[in-house]
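Data block below; observations after.
The values are calculated or read from the model by the stated rules, or taken from the named source; none is laboratory data. The structure presented is a predicted model; accordingly, all values stated were derived computationally and were not measured. Glycine gets a Cβ as well: all are built from the backbone with ideal geometry, and neighbour counts include every protein chain shown. Just the protein is used for accessible areas: all its heavy atoms, side chains included, with ligands, DNA and RNA removed. Shrake-Rupley method; radii C 1.70, N 1.55, O 1.52, S 1.80 Å.
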Amino acid sequence: MKQSKNGRSLPVVLAWVLLLALGFGGLGSLQRSASADEPRYFALQNIKVVPVSGPPIEGATLVIAKGRIAALGTGVAIPPEAWVIDGKGLTVYPGLFDALSDIGLGVAAPAESAGGRGAGRGAGGPAVTPEMISRGPQDRPASTPWLEAADELKADDKKIETWRSGGFTTALSTPTRGLFPGQGSVIDLAGERPGDLVVKPAASVEVTLNGPGGFFGFPGSLMGAIAYIEQVYLDAEQDTAAQRIYAAAPRANERPDYDRVLRALEAAQAAGEPVLIPANTSPQILRGLVLAEKIKARPVLYGVQQGYAVATALAGKQAVALVNAKWPEREKDADPEAEEPLRTLRARDRAPGTPAALAKAGVRFAFYDGGLSGPKDMLKNVKKAIDAGLPPEAALRALSLTPAEIYGVADRLGSIDVGKIANLVVTDGDLFGEKTKIKLVFVDGRKFEIKEAEKPKEPPKGDLTGKWSLAFSTDQGQMQATADLAMSPGGSVSGTVTHPFGTSPLLSGYLSANSFTFTISADPGGRPQEFTFSGTVEGNSIKGHINGPGFATEFTGTRPGAALAAGE
Amino acid sequence: MKNPSVLGTILLAGLFAGLLAPALAAQDSGVTLIENATILTVTKGTIENGSILIRNGKIAQVGKNIKAPEGATVIDAKGMYVTAGIIDCHSHIAVEGNVNEGSVAVSSMVGVGDVINPDDIDIYRDLAGGVTTANVLHGSANPIGGLNQVIKLRWGKDAEELKFEGAPPGIKFALGENPKRNNFNPPPGIPRRYPESRMGVMDVIRQAFVDAREYKKSWDEYNKRVAAGDKAAIPPRRDLKLEPLVEVLEGKRYVHSHCYRADEILQLMRLAEEFGFRIRTLQHVLEGYRVADEIAAHGAGGSTFSDWWAYKMEAYEAIPYNAAMMTRRGVIVSVNSDSAEEARHLNQEAAKTMKYGGMTEDEALRMVTINPAIQLGIDKRVGSIEPGKDADLVIYNHHPLSVYAVAQKVFIDGHIYFDREKDLAMREAQAAERKALLEKAKKAAEAEKKAGEKPGADRKPDSEKKPDGAAPPQGKDEKPKEPPKPPQQVAVAGFLD
C-alpha cells in the first residue's frame, strides 16, 4: 500500500475502513494480512484425474498444499486443514500451457501487423529515424536479447485473467519487437506483483525474420535477416573463444570488445535455452531447419502450420514444433470476388491436420495462441486439430507437459504429479468437449472459481448506460462509489465501478426486464474478491443489494448527469 | 467431413494432383527413349529422325536407330524437335522476400540461396517455356550485391533440391544508375546512401576488396600463429560480408555484374584486373558492342537482352545487334530474361539475333543453352545434347526458333517435370478440387455460425472480443509481407535487373 511521508493519506484510511467492513466484518485484526488468510490447503475428492504423465485415475483424491500437489491417488488421507471440494462428476487436468505468447506484457494487439505470431511478429515499433538506420550487422539492428519478459511483466494485464479463466495457468511470454526481441519467461497466470508470476525468467531466445529497415536500414530483406542472425551467432562463437583466450593471456592480444547482444546470447546458449525460429509454410520450415543448423541450435520452430507437408523432415532433424493454433482464415475484408490460389485453399484446409501429422511422425510439438483472442478460441481450434486426426491425449500433452519439457520446467509443472506446482484446471467433462465448462482453476495452488457470464432472461426495460452515483452503508458508516456503465441493446452491461479501493471493470452484467445484476472484482486488501450488485432500475434511479464474501448491504444510486440533461 | 461426396472429390483430386504435380515420376524406370525426333544437339549439329536414350537421368546415347532397351519408356516424337533445356542466365524467380538487400552498398553477406521459394509458380511457368536451369540473382541496388544461386527448375522439389549441385558459386555486382540510385529517393529525413555517382560505385567496390585483402591477411596471420603452436592467438571474427570477396580474389567465386554503359564496363574490368581477378559475366551489357574487343580480351561473358532499350537514361544507346556483334568479336554471349514472363519464350528471344545480326540457327540456340552454361561454369553438365550430360531436354512441336514453337514436354535429369497434355488434364481436376474445398469451407463456416446461434452457447465476455485487423497467418503461396513501404519506392524502374 502507498504511504505518504506525513502519514496515511485519506484513500488509504478509507481503504482500511472498508477492508474491515467488507473483508472481515469487524472480526479480523487490522494488522492481519489478507494473504495469510488465504486458503492454501485443498483436497479434491472423488475426482477423475488426468495426470498426462500417466493414465487417468477415477475417483481419486488430490491434495494441494502450499502451492504444490501434496498427494494424489485413491485412499489418500485428507489433511485436517484442507478445504475439501467434492469432485464428483468433475475432471482435473494439468493447467494448460500457452507455448508462445505475450500474456502479462500488456501488449495491445498490433493493428498494423499482418497476423499473429509467425507473421507480424517482430514488426512494428517506432518510426524509423536517421539515427536508427542500421548500416550492417555490426550495428546490431533491432536486437535486445538481454531483455527478459520477466522484467517487463504487468500483473494487471487483462490477458492474464482472460487466459486463466479458460484453463491456462502457464505461458511462455516473450518480448515481441525486433529481430532478437529478448528472452521468454515461463510465467504462471496469477499473482499480485510481476515477480509472483515468474517460474523461469530466462527460458527461451526468440528470433524473428522481420527486419526493421525496408530500403532504409539493414536488414531490409528476408535474406538479410537470415544473414544477420547467422553473423551474430558466428560473432558469439568468436566472442566466447576470445574471452577465454584473453582471460588466459591478456598480454598476448588486443582487448576483445564487449558486446551486450553477444553476451546475452552466449549466456542463453550456455544455459541451454532453445532458440525459437519462425517458420510457417513448408519452404519456411525447411529453411528454418537449415538456419538452426547454421547457428548450431537445436531446431525449435514456431508457426509450422504447413507442417503436414514436411513432418518427416522435421522428425528427421528431431525438431520441435510450436504450432500456431490460429488456423489460417480468409481475411475478413478480402475481396469476395477475388479467386484465391488453389494452394492457399489447400493450405487452409490442411493446416489443422498439421498436429496429427506431427504426432504420427513422432515430432514433439506444443500449441501457442498466435494472437487468438482468448482461450475459448484456442481450445476450439485445438478441437479442430483433434477432428483432423490428432489423438486427444496428444492434444492435451501439447498443451501441458510438452511445452514444459521444451522450456526446461517439466520437473516442476506440466503434469499432475506429487511435488509439482499445483497448476490445475477442473472441468465438468472432457476438456475438448463442446459443452464442457471449466469450473475451477488452480494456479500455484490458489483457487479461482470460473463463472460463466449469465444471459438476460428477458429483454431489457430501461437503460443502464451512464454515470451513476452509488451510496451504501457499512458497519463503518456511509460509503460512496460511482459506476460508469454501457448497455448493449440486448441487455448486457459493461463498464467500470470506482470504489474506495480503485476502479474495477465489470466481469459480467445484464439487465433483464428492469432487474439488473453485475459483478466486479475488488481488492479490499490482499487478494481480489468478487462483489455482485443486483437490483432494479427505475428511470434515473437504481436500488438493490451488494453481496460479497462475508458481506452484504443495500445500496441506492442516481444518474445525476442524465437527470440534469432531462431537466433542461 | 460429413459429406462423403465432397470428401471423396477432394481425395480424388488430391490423388490426381499428386500423380501429376511434382516429379511426374510415374514412368520412371530410369530408362527413356525419345525417338523419331529432329534433334538439335546445339554442339554436334542436327539429327533428323534421331533418338535420345536417357538412363539414370543422363543422356546415354544420341543418334539414329537406337533400339529401346527392355523396360524403357518410349516417347514417339515424330514431327517434333528436341533440344537442350533452356538456361536463363539472369533470373529473379523463386525468391522469397525482397530480392534486394538494398540497405547497404555492399550486401555480400546475403545469399539468394537462403531464400529459395520452391512454391513460386513462376518456376512452373518458366519450366513450361522450356527453361530447365536459371541463374537466380540478387537485385542491382548495390555495387556489390548478394550471392546468387543456380537452380534447376525441378518443380515440386524442395528448396535444397532445386539447387544445381556443383554449380560454381557467384555474386552479383551492379554499376550505374541502380547502385547510385538516381531513380530512387528516400523519404524526407532519411539520408541518401553512398554512393551517388559512378565514381562512388567504383570506390565502394575497390574499398571492399581492400578490406577483403586485409581480412584474408588477418586470418593468414592467425593461422600462422596457430601453426607455430601459439595457444594465445585469438581467432579473427568470421565476416560473412568479406568471405565471398576473398573467394572472388582467389578465383573461387564468379562475378556477375549488372552494367550498361561502355565506360563503366571498362572501369569494372580494369578494377578487377587491378585486383587480379576476372569478371565472369557482364549482365545486360547493353553497350557491350562498343567495347567487345576489350570484353573478349578480359575473358568476360556477355549476357544481354534481345531488344530492350531506352527504359532509362543509361539504356538509350542499346541496339538489338548487340548480341551478334559481341559474338563476332569473340565474346561468349547469352540472351537472358531478367523477367519471369520473358523467360517463357527465351527461345524466341534468341531467334531475334538471327534477324538482328545474322546469327545462324545454331549460334542463336547457343545463346540460351550452351553459352549460358559456359558462363555459369556448368557446361560439362548441361547446355547441349551429348552423351554423358544431364538429360535436361525440351520437346517442341515446332522448331524452337519459330514463333509457333510450344514446349510439349520438359525433362530435367531424365524426369518429365512439365507435360503439356497432362497439364491440360490437370486443370479440370484442380477446378474440381477448388470447388470442393470452397464448398467444404462454406459448410464448415455455416456449421460454426449455427453452433454460435444455439441458445446457451458460450458467450464471450467482452474482454475476449478480439481486436479487428488480426489477419490470418501467411498462406503457403502468399508472398511474404514486406513492411509497408513509402510511396517513393513503388515506381522504381528497372530495379530488379
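Quick notes on this structure:
- At q = 0.09, 0.14 Å⁻¹, base-10 log of I(q)/I(0) for region A:337-471 (Debye sum, equal scatterers on each alpha carbon): -0.43, -0.83
- Global dimensions of region B:268-383 from alpha-carbon coordinates: Rg and Dmax equal 13.6, 40 Å.
- Neighbour-limited loop hits for chymotrypsin sites (Phe, Trp or Tyr not before Pro), region A:223-305 (at most 12 other Cβ within 10 Å; DSSP other than H, G, I, E, B): A:TYR258
- If you wrap the tightest convex hull around every Cα atom of the protein assembly as shown and split its volume per residue, you get 230 Å³.
- Approximate shape of region B:74-135 as ellipsoid semi-axes (Cα gyration tensor, √5λ), whole Å, largest first: 33, 12, 8
- Measuring r between the beta carbons of B:GLU221 and B:ASN185 and using R0 = 51 Å, the FRET efficiency lands at 0.70.
- In terms of overall dimensions, the C-alpha atoms belonging to region A:233-275 reach 36, 16, 14 Å along their principal axes, ordered largest to smallest.
- Annotation: Cα Rg of region B:66-110 relative to the compact-globule expectation 2.2 N^0.38 Å equals 2.31.
- Relative contact order (%) - criterion: Cα under 8 Å, at least six apart; region: region B:287-350: 38 percent
- Stokes-Einstein translational diffusion, region B:21-136 - Kirkwood Rh over all Cα pairs, 1.567 mPa s, 4 °C, in µm²/s: 77 µm²/s
- Percent of alpha-carbon pairs separated by more than 19 Å within region B:358-415: 33 percent
- For region B:316-395, the average shadow cast by the Cα convex hull is 6.1 nm², which is a quarter of the hull's surface.
- Kirkwood Rh and Cα Rg combined as Rg over Rh, evaluated for region A:184-301: 1.05
- Cα-based Rg of region B:320-446 normalised by 2.2 N^0.38 Å, two decimals: 1.42
- Put the Cα centre of region A:347-363 next to the Cα centre of region A:473-551 and the gap is 47 Å.
- At least 30 Å along the helix axis (C-alpha) and Kyte average at least 1.6, DSSP helices within chain A: none
- Given their separation in residues at 0.36 nm each and the Cα-Cα distance between them, B:ALA451 and B:ASN65 gain 131.9 nm when the chain is fully extended.
- Potential lengthening between A:GLU554 and A:THR498 on full extension [0.36 nm per residue; Cα-Cα distance subtracted]: 18.4 nm
- Span from the region A:262-312 Cα centroid across to the region A:216-253 one, whole angstrom: 19 Å
- Shape of region A:328-382 from the C-alpha gyration tensor: oblate (a/c of 1.5 or more and a/b not above b/c, with a ≥ b ≥ c the square roots of its eigenvalues).
- At 1.567 mPa s and 4 °C, Stokes diffusion of region B:150-219 via Kirkwood alpha-carbon radius, µm² per second: 83 µm²/s
- Taking a quarter of the surface of the Cα convex hull of region B:201-294 gives a mean projected area of 6.7 nm².
- Residues B:GLU250 and A:ASP156, FRET efficiency given R0 of 51 Å [Cβ-Cβ distance, rounded to 0.05]: 0.25
- Sequence-distant lysines (8 or more away, or on other chains) whose Cα lies within less than 29 Å of A:LYS467: A:LYS2, A:LYS154, A:LYS158, A:LYS159, A:LYS451, A:LYS455, A:LYS457, A:LYS543, B:LYS460, B:LYS465, B:LYS466
- For chain A, the equivalent ellipsoid derived from the Cα gyration tensor has semi-axes of 45, 29, 27 Å, listed largest first.
- Estimated FRET transfer efficiency (B:ARG238, B:GLU386; beta-carbon r; R0 45 Å; 0.05): 0.65
- GluC sites (Glu not before Pro) restricted to region B:149-179 and DSSP loop, no more than 14 other C-beta within 10 Å: B:GLU165
- Comparing each chain alone with all protein chains together (probe 1.4 Å, DNA, RNA and ligands left out), the residues of region B:232-272 losing at least 40 Å² of accessible area are B:ALA232, B:ILE234, B:PRO235, B:ARG237, B:ARG238, B:LEU240.
- Highest-first arrangement of B:425-432, B:268-275, where packing means the average Cβ count within 10 Å: B:268-275, B:425-432
- Of the trypsin sites (Lys or Arg not before Pro) found in region A:440-545, the ones in coil according to DSSP and having at most 16 other Cβ atoms within 10 Å of their Cβ are A:LYS451, A:LYS457, A:LYS461.
- Bins of 5 Å from zero: percent of alpha-carbon pairs in region A:468-530: 4, 16, 24, 25, 17, 9, 3, 1
- Compactness of region A:416-557 was expressed as the Cα radius of gyration divided by 2.2 N^0.38 Å, which yields 1.21.
- Among the lysines of region A:272-430, pairs at least eight places apart or on separate chains and with Cα atoms under 18 Å apart come to 10.
- Each 10 Å bin, from zero up to the one with the longest distance, holds this percent of the alpha carbon pairs of region A:273-410: 13, 43, 33, 10, 1.
- Mean shadow area of region B:254-301 over all directions, Cα convex hull, nm²: 2.7 nm²
- A crude spin-label estimate for the pair A:SER53 and B:LEU271, with each label 7 Å from Cα along the Cβ direction, gives 6.5 nm.
- For region B:129-260: span of alpha carbons on each principal axis (Å, largest first): 58, 45, 26
- Distance from the C-alpha centroid of region A:65-84 to that of region B:359-434: 75 Å, rounded to the whole angstrom.
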